[in-house]
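> What follows is a structure written as structure tokens; I'll ask about it next.
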Amino acid sequence: MDTAFELWLEFEHWTSQEGDDPKCDFFNMKIDLQNGKSYALNVWTYGYFEKAISETRDDGENAEGNYLEAPDLFISQMDRKTCETVVAHIIVNDGLKSEWEVDE
């Protein structure tokens, strides 16, 4: 299986802010394969999951914090190396979901 891909990572286009935490944030990611297929995902870190739960409980959203709509993927931290490792693993294990596919 061809595992070559290119990644566009939203966080690489941000201006860093004081207090940024690569283990507690979310971002969009685009995967382009050599066969011309592209995939777009909303990605949260594990730490952001905990923060999102707390925020929805505090502000009363989502039935008083009783649920969250899940992103497409959870990862340990927000950096290129982690994203590349995760995407390569997903590709090798035939894990790219059809609902992530986008038309160019």
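The values are calculated or read from the model by the stated rules, or taken from the named source; none is laboratory data. Just so you know, these numbers come straight off a predicted model, no measurement behind them. Positions of Cβ are backbone-derived with ideal geometry, glycine not excepted, and every protein chain shown enters the neighbour counts.
> Kindly provide the set of residues from region 69-100 that are of a type in the set (D, E, K, R) and outside any helix (DSSP H, G or I), ordered by number.
Result: Glu69, Asp72, Asp79, Asp94, Lys97.
> Which condition number in (1) assigned to a strand (DSSP E or B); (2) surrounded by 14 or more Cβ atoms within 10 Å (Cβ to Cβ) is the one that Trp8 fails?
(2)
> Any residue at all in region 28-35 that's exposed (fewer than 15 other Cβ atoms within 10 Å of the Cβ) and either part of a helix (DSSP H, G or I) or over 10 Å from the mean Cα position of the chain (by Cα) (or both)?
Among the residues of region 28-35, at least one is exposed (fewer than 15 other Cβ atoms within 10 Å of the Cβ) and either part of a helix (DSSP H, G or I) or over 10 Å from the mean Cα position of the chain (by Cα) (or both), which makes the answer yes.
> Taking region 8-67 on its own, how many of its residues are polar (S, T, N, Q) and farther than 23 Å from Glu99 by Cα?
Adding up the residues that qualify gives 7.
> Outside any strand (DSSP E or B), under 16 Å from the mean Cα position of the chain (by Cα), closer than 30 Å to Asn93 by Cα and in contact (Cβ under 8 Å) with a residue 40 or more places away in the chain, is that true of Glu50?
no
> In region 64-104, which residue that is on the phi > 0 side of the Ramachandran plot and modelled with pLDDT under 95 is surrounded by the fewest Cβ atoms within 10 Å (Cβ to Cβ)?
Residue satisfying both the conditions and the ranking: Glu64.
> Can I ask one more? So the check is Cβ under 6 Å with 6+ separation or different chains; which pairs have a first residue in region 88-104 that's in contact (Cβ under 8 Å) with a residue 12 or more places away in the chain and farther than 16 Å from Asn35 by Cβ and a second one that's hydrophobic (A, V, I, L, M, F, W, C) and surrounded by 12 or more Cβ atoms within 10 Å (Cβ to Cβ)?
Short answer, once both residue conditions are applied: none.
> Would you point out which residue out of Asp25, Asp2 is at pLDDT below 95 and of a type in the set (Asp, Glu)?
Of Asp25, Asp2, the one residue that is at pLDDT below 95 and of a type in the set (Asp, Glu) is Asp2.
> Name every residue in region 11-27 that is assigned to a loop (DSSP other than H, G, I, E, B) and either closer than 22 Å to Asp94 by Cβ or touching a residue at least 12 places away in the same chain (Cβ under 8 Å) (or both), in order of residue number.
Asp21, Pro22, Lys23, Cys24, Asp25
> Consider Ile53 carefully, then state whether it is of a type in the set (A, V, I, L, M, F, W, C), modelled with pLDDT of 95 or more, under 21 Å from Gln77 (Cβ atoms) and surrounded by 14 or more Cβ atoms within 10 Å (Cβ to Cβ).
No; evaluated as a whole, the condition is false for this residue.
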